[in-house]
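Read through the structure below, which is laid out as structure tokens, and then see the notes.
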Amino acid sequence: MFTMILFMAIAFLLTIPLSSEIFAQTTYDVNIPTGAANPNAPFFWQSEKDGSTTGNVDILVGDTIIWKNADSAAHTVTSGIVSEGPDDIFDSNLFGPGKSFSYTFTETGDYPYYCLLHPWMDGTILVTEGYSIVPNVGKLVGNGETYFDVEYDFNRLLANPEINEDEKSISFEIIGDAQSDIHDLELRLHSELIDGNFVIWIDGEKISNFEQTKDGDLNILYVSLEPDSELLTIIGTSVVPEFGSLSMMILVTSIISMLILSQKSKIKF
């Protein structure tokens, strides 16, 4: 009897997700190398994103740049063009060796910058539109083979997707601090992940102020949220099944094993 219970417990644990998934907007380091204060230095910046030394970095809206001072001299990272002066978008002020300055870019555009003390040190951050991603949604249910990266555009993070087969729903936690005063969410869901005429719940309350459109295999939702919203639930008419072929194999194997153990127990006694 003990063996049967143990086997059932192990089979059950195999169907439980082992981890939650979260996607965070990306942070890129730009290092100020030793000797950058010398105008004859071979380079003045080094981007850890691609190894470039031009000071130019391509990023998406919502990404963050951290400038790190590895030089022996103090520097500034000041937005603007040397010939025109600072444009007051961002300014690190003076920061010394071993210190850093970060800035999160919330709008598209080209953002030139330079060092006020060493104006030959200049570069540009190029910010373009893009989507944040919650990766592999659906991988922890069903057969583990039907899953999708969910793209979204929002001023906070979506995390810990949870699929409920009975409710035919997908829920996302909403975390982090808002990066802007615009709290409208664009969410792109593959129709094989969830489909139908959706019903939306925010923090346990059904809402009506959303739009749903279709673009090929994508269901696109536009939802107005509050700054302190914490849980988004989307209910459809179909969702990735919780019990796919792998789960069914585990279930069938468990049942067969229990039957075998049961028969052995009868024979023994």
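The values are calculated or read from the model by the stated rules, or taken from the named source; none is laboratory data. As the structure is a computational prediction, the values presented were derived from the model and not from experiment. Cβ sites come from the backbone with ideal geometry, for glycine too, and all protein chains shown count toward neighbours. Quick note on the areas: whole protein, heavy atoms, side chains included, nothing else; ligands and nucleic acids left out. Shrake-Rupley method; radii C 1.70, N 1.55, O 1.52, S 1.80 Å.
What is the residue count in the range 147-177 for residues that are of a type outside the set (V, I, T), assigned to a strand (DSSP E or B) and open to solvent by 20 Å² or more (accessible area, probe 1.4 Å)?
Total satisfying the criteria: 11.
Starting from residues that are of a type in the set (A, V, I, L, M) and assigned to a loop (DSSP other than H, G, I, E, B), keep the ones in the range 59-89 and report whichever is least open to solvent (accessible area, probe 1.4 Å).
Filtering first and then ranking leaves V77.
Tell me, yes or no, whether the range 225-241 has at least one residue that is surrounded by 15 or more Cβ atoms within 10 Å (Cβ to Cβ), at pLDDT below 85 and not polar (S, T, N, Q).
Yes, some residue in the range 225-241 is surrounded by 15 or more Cβ atoms within 10 Å (Cβ to Cβ), at pLDDT below 85 and not polar (S, T, N, Q).
Only one of (1) more than 30 Å from Y103 (Cα to Cα); (2) under 18 Å from the mean Cα position of the chain (by Cα); (3) of a type outside the set (G, A, S) is not met by L232, so which one is it?
Failing condition for L232: (1).
Pick from the range 20-58 the residues that are open to solvent by less than 70 Å² (accessible area, probe 1.4 Å) and at pLDDT below 50: which of them is farthest from F154 (Cα to Cα)?
Ranking the qualifying residues of the range 20-58, first place goes to E21.
If you check V137 against the conditions, is it over 30 Å from A73 (Cα atoms) and either among the small types (G, A, S) or open to solvent by less than 50 Å² (accessible area, probe 1.4 Å) (or both)?
yes
Hey, can you tell me all the residues within the range 110-136 that are free of Cβ contacts under 8 Å to residues at least 60 places away in the same chain and not in a loop (DSSP other than H, G, I, E, B)?
D110, Y111, P112, Y113, Y114
Would you be able to say whether some residue in the range 95-104 is in a loop (DSSP other than H, G, I, E, B), within 30 Å of I133 (Cβ to Cβ) and modelled with pLDDT of 95 or more?
Within the range 95-104, not a single residue is in a loop (DSSP other than H, G, I, E, B), within 30 Å of I133 (Cβ to Cβ) and modelled with pLDDT of 95 or more.
With respect to S180, determine if the residue is modelled with pLDDT under 95, open to solvent by less than 20 Å² (accessible area, probe 1.4 Å), within 30 Å of K206 (Cβ to Cβ) and hydroxyl-bearing (S, T, Y).
No.
Scan the range 187-224 for residues that are among the polar types (S, T, N, Q), without any contact (Cβ under 8 Å) to a residue 40 or more places away in the chain, in a strand (DSSP E or B) and surrounded by fewer than 15 Cβ atoms within 10 Å (Cβ to Cβ) and jot them down.
Scanning the range 187-224 gives a single hit, T213.
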